[in-house]
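First the structure, in the form of structure tokens, and then the observations on it.
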Amino acid sequence: MNITELVETAEALVAEGKGILAMDESTGTIKKRFDSVGVECTEENRRDYRSMLLTTPGLGEHISGAIMYDETLRQSSRDGIPLAKIAQDAGIIPGIKVDTGAKPLAGCEGEKVTEGLDGLRERLHEYVELGARFAKWRAVITIGEGLPSKTCIDANAHALARYAALCQEAGIVPIVEPEVLMDGSHDIDECYEVTEAAQRALFEQLYVHGVLLEGTILKPSMVISGSECAERAAVEDVAEATLQCLLNAVPASLAGVVFLSGGQSDVEATHHLSTMNRLVEHTPWPLSFSYGRALQQAALSVWGADPAKNWEEAQRILAHRARMNGLAAMGQYETRMEE
């Protein structure tokens with residue numbers, strides 16, 4: 001593990017006014033997205049779509065890194081250029097999703113634990129050869145009647161810490177993602193309680209496993225009302241609660257925080273992030289973004305209507321969303337900018 005390189009890469013990923021493009025959808029997930037816009041989910045179409053994203057003019061001005069799926073990291077464009085090199089040439093650091101998905105947690109009905117530790121050391125070494133400099137592992141925490149259990153929180157925290165330690169051993173910056181799902185009727189207070197518990201458990205395990213926090217990035221969900229909650233919390237309430245949770249649970253030495261959008265609309269996710277950065281003059285860590293759908297969805301809809309004809313228009317839309325989120329990461333976004 002080269003500590004200097006790890007820290008430098010982590011700092012570059014959370015550089016001022018920049019965030020991460022999550023384009024690591026599994027084949028099953030990208031099929032659902034393609035189905036929604038009427039595009040056949042072939043390897044060629046997946047390659048072309050992700051090529052379109054990465055060749056967006058000026059994308060590197062606001063996007064510091066791109067999380068890829070295994071297939072994507074191995075693919076080349078129609079011109080024969082590896083997608084990882086296209087990203088690098090645009091000033092975007094290639095990253096890789098390394099978990100193999102959330103599976104039912106034995107003995108805990110309705111809960112899941114993320115798998116993928118078997119063979120991870122060898123896969124990480126291969127990913128380094130393919131150009132990856134950071135990785136991502138997503139844990140899923142569900143709020144419901146009697147949920148989450150301590151077993152679920154602890155099992156996922158332990159897996160995240162083992163993954164993070166293996167990443168740093170291989171010279172890769174780990175992004176640790178303990179996602180508290182928006183699904184459900186819970187209110188913001190219940191979300192706060194669960195999110196804080198998940199984050200505290202995670203950092204305890206990172207400490208136990210000797211993970212260097214200066215070379216680690218947290219990808220949390222925001223503290224937000226459930227999608228079916230009768231009274232959704234206001235933007236300022238979400239921003240205040242999310243900040244308070246982080247300040248209570250996250251060590252100051254962490255390299256940075258990049259939020260997931262987790263089912264929020266693109267404008268909603270941007271507005272929440274900007275409000276957080278406006279609320280406080282300084283936090284111990286940069287607050288930025290690592291959005292998937294909230295960056296891609298509008299561009300995907302346009303591209304999918306006519307992939308050949310709408311390539312540049314889809315890129316224009318992606319560039320706009322990247323710029324809006326780059327401003328939000330500095331607390332400079334206003335909703336009127338969407339016009």
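So which residues in segment 231-243 are assigned to a helix (DSSP H, G or I) and either farther than 30 Å from MET23 by Cβ or small (Gly, Ala, Ser) (or both)? Break it down into steps so the answer makes sense when it comes.
First, pick out the residues of segment 231-243 that are assigned to a helix (DSSP H, G or I): 235-243.
Hits for segment 231-243 are GLU236, ASP237, ALA239, GLU240, ALA241.
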*If you check ARG321 against the conditions, is it in contact with a helix residue (DSSP H, G or I) (Cβ under 8 Å, 6 or more places away or on another chain), of a type in the set (Lys, Arg), over 20 Å from PRO57 (Cβ atoms) and modelled with pLDDT of 95 or more?*
no
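From the list LEU6, LEU13, LEU73, which one is surrounded by 20 or more Cβ atoms within 10 Å (Cβ to Cβ) and closer than 21 Å to PHE289 by Cβ? Please lay out each step first, then the result.
Details: LEU6 fails: closer than 21 Å to PHE289 by Cβ; LEU73 fails: closer than 21 Å to PHE289 by Cβ.
Sole residue among the options that is surrounded by 20 or more Cβ atoms within 10 Å (Cβ to Cβ) and closer than 21 Å to PHE289 by Cβ: LEU13.
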*Residues of segment 318-334 satisfying the condition of being farther than 14 Å from LEU21 by Cβ, of a type outside the set (Phe, Trp, Tyr) and surrounded by 23 or more Cβ atoms within 10 Å (Cβ to Cβ)*: ALA328
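Can you tell me which residue in segment 103-138 is surrounded by the fewest Cβ atoms within 10 Å (Cβ to Cβ), limited to those that are free of Cβ contacts under 8 Å to residues at least 12 places away in the same chain and in a helix (DSSP H, G or I)? Steps first, please.
Initially, segment 103-138 is screened for residues free of Cβ contacts under 8 Å to residues at least 12 places away in the same chain, giving 104, 106, 109, 118-119, 122, 126, 129.
Right, trim to in a helix (DSSP H, G or I) and you get 122, 126, 129.
Numbers: GLU122: 10, GLU126: 14, GLU129: 8.
So the residue we want is GLU129.
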*Only residues that are touching a residue at least 60 places away in the same chain (Cβ under 8 Å), part of a helix (DSSP H, G or I) and of a type in the set (A, V, I, L, M, F, W, C): list them for segment 283-339, please.*
LEU295, ALA299, LEU300, TRP303, ALA305, TRP311, ALA314, LEU318, ALA319, ALA322, LEU327
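Is it the case that LEU13 is within 26 Å of GLY326 (Cβ to Cβ), touching a Leu at 6+ places or on another chain (Cβ under 7 Å) and not small (Gly, Ala, Ser)?
Numbers: within 26 Å of GLY326 (Cβ to Cβ): yes; touching a Leu at 6+ places or on another chain (Cβ under 7 Å): no; not small (Gly, Ala, Ser): yes.
It is false that LEU13 is within 26 Å of GLY326 (Cβ to Cβ), touching a Leu at 6+ places or on another chain (Cβ under 7 Å) and not small (Gly, Ala, Ser).
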*asked:* So TRP303 ticks every box in (1) aromatic (Phe, Trp, Tyr); (2) out of contact with any strand residue (DSSP E or B) (no Cβ under 7 Å at 6 or more places or on another chain); (3) closer than 24 Å to LEU13 by Cβ but one. Which box is left unticked?
replied: (3)
*If you scan segment 175-191, which residues turn out to be surrounded by fewer than 20 Cβ atoms within 10 Å (Cβ to Cβ) and either touching an Asp or Glu at 6+ places or on another chain (Cβ under 7 Å) or part of a helix (DSSP H, G or I) (or both)?*
GLY184, SER185, ASP189, GLU190
*Kindly indicate whether SER274 is polar (S, T, N, Q) and under 15 Å from GLY331 (Cβ atoms).*
yes
*Taking segment 213-268 only, how many residues are touching a His at 6+ places or on another chain (Cβ under 9 Å) and of a type in the set (A, V, I, L, M, F, W, C)?*
7
*Before we move on, is PRO251 closer than 24 Å to VAL173 by Cα, surrounded by fewer than 22 Cβ atoms within 10 Å (Cβ to Cβ) and modelled with pLDDT of 95 or more?*
yes
*Just give me the residues in segment 244-282 being assigned to a helix (DSSP H, G or I) and closer than 21 Å to ALA10 by Cβ, in sequence order.*
LEU246, LEU247, ALA249, LEU273, MET276, ASN277
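Would a scan of segment 232-244 turn up a residue that is farther than 26 Å from HIS125 by Cα, modelled with pLDDT under 95 and surrounded by fewer than 19 Cβ atoms within 10 Å (Cβ to Cβ)?
Yes, some residue in segment 232-244 is farther than 26 Å from HIS125 by Cα, modelled with pLDDT under 95 and surrounded by fewer than 19 Cβ atoms within 10 Å (Cβ to Cβ).
The values are calculated or read from the model by the stated rules, or taken from the named source; none is laboratory data. Fair warning: this is a prediction, and the values are worked out from it, not measured in the lab. Cβ: placed from backbone, ideal geometry, glycine included. Neighbour counts: every protein chain shown.
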